[in-house]
Amino acid sequence: MAILEEISSFLQQGRTPKVKLLVQQAIEEQIAPQKILEDGLIAGMNIIGEKFKNNQVFVPEVLIAARAMNAGISLLRPLLVSSGVQAKGIAVIGTVKGDQHDIGKNLVKMMMEGKGLNVIDLGVDVSAEKFLENAVAHQAQLVCCSALLTTTMGEMKRVVELFKEKGMRDQVKIMIGGAPVTQSYCDSIGADCYTPDAASAAEAALGFCLS
């Protein structure tokens, strides 16, 4: 459908008013909300994610595309809820305790939302207990921990240990990321997944939720 391709195209350009207008038009043309979401908004965000991964676009372009996507989703959300459409998965995300950095976390959140996941953002300086409490409350399949400082990375290990301690380790996948984090650190603390960038994180998250 041409209108869905237009939504995708204007989203990639970050043209929020145009995206809102076309989403509203698609709703009035009685295109299924799920179809508008997946073939319009998510399709556009996936292309941005791919380009971001290949260094063809950068953080500012991702942010304006995500803003356009959120504007479109805000029109669709009540219709998706009333038609009983479920998110593809639920993830809890936050920057670990002691760390106030959130640009990387926010990018990952946007990319995950762009894949159709429901993301509960706990913000910054999040303790292991808070990750656990929210994973249980929201019945999340995923917990995503971000850190930008080597001094706060240890909190990620604490998150993994707390989930083990509470018998939740089999029910929730734990993903970690951030500038100082590596695959070998991920392996050493027993987390499930490390990805080097936001687009890869969103792909891995969707994979976990659909598996």
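For residue 166, go through the lysines and keep the ones whose alpha-carbon is under 25 Å away, minus same-chain ones fewer than eight residues off.
97, 130, 157
By how many degrees, between 0 and 90 and to the nearest 10, does the Cα long axis of helix 198-210 differ from the longest principal axis of the chain?
Tilt relative to the chain: about 90 degrees.
Could you sort 149, 210 by their accessible area in this structure, using a 1.4 Å probe and putting the largest first?
The ordering from most to least exposed comes out as 210, 149.
Of the accessible area of the stretch 1-68, with the probe set at 1.4 angstrom, what percent is carbon plus sulfur? Present the calculation step by step, with values, prior to reporting the outcome.
Details: 1860 of 3540 Å².
The computed percentage sits at 52.
Ignoring everything but the protein chains, give the 1.4 Å probe accessible area of residue 92 in square angstrom, nearest 10.
Roughly 0 Å² of residue 92 is accessible to a 1.4 Å probe.
Counting pairs of Cα atoms in the chain, how many percent are more than 22 Å apart?
49
With every protein chain left in place and a probe of 1.4 Å, what is the accessible surface of residue 15, to the nearest 10 Å²?
So the heavy atoms of residue 15 present about 110 Å² to solvent.
Per residue, how much accessible area does the stretch 112-211 have with a 1.4 Å probe, in Å²?
Ligands and nucleic acids excluded, the figure is 44 Å² per residue.
What full-extension length gain, to one decimal in nm, is calculated for residue 30 and residue 133 as 0.36 nm per residue of separation minus the Cα-Cα distance?
33.1 nm
How much accessible area does residue 38 have with a 1.4 Å probe, in Å² rounded to the nearest 10?
60
Per residue, how much accessible area does the stretch 1-93 show when a 1.4 Å probe rolls over the protein heavy atoms, in square angstrom? Display every interim value, and only then the final one.
Values: 4740 Å² over 93 residues.
Heavy-atom SASA per residue in the stretch 1-93 reads 51 Å².
Would you mind calculating the relative contact order of the chain from Cα pairs under 8 angstrom and at least 6 residues apart, reporting the percent as a whole number? Mind showing how you got there, number by number?
Working: 375 pairs, mean separation 40.5, N = 211.
Normalised by residue count, the contact order of the chain is 19 percent.
Measure nothing fancy, just the Cα-based angle from helix 2-12's long axis to the longest principal axis of the chain, in degrees from 0 to 90, nearest 10.
Between helix and principal axis, roughly 50 degrees.
From the gyration tensor of the Cα coordinates in the stretch 7-75, what semi-axes in whole Å does the equivalent ellipsoid have, largest first, with each one equal to sqrt(5λ)?
That gives 22, 11, 8 Å for the three semi-axes.
The values are calculated or read from the model by the stated rules, or taken from the named source; none is laboratory data. Note that the structure is a prediction, hence the values are computed from the model and not measured. Remember, those area values only see protein heavy atoms, side chains included, never the ligands or the DNA or RNA. Shrake-Rupley method; radii C 1.70, N 1.55, O 1.52, S 1.80 Å.
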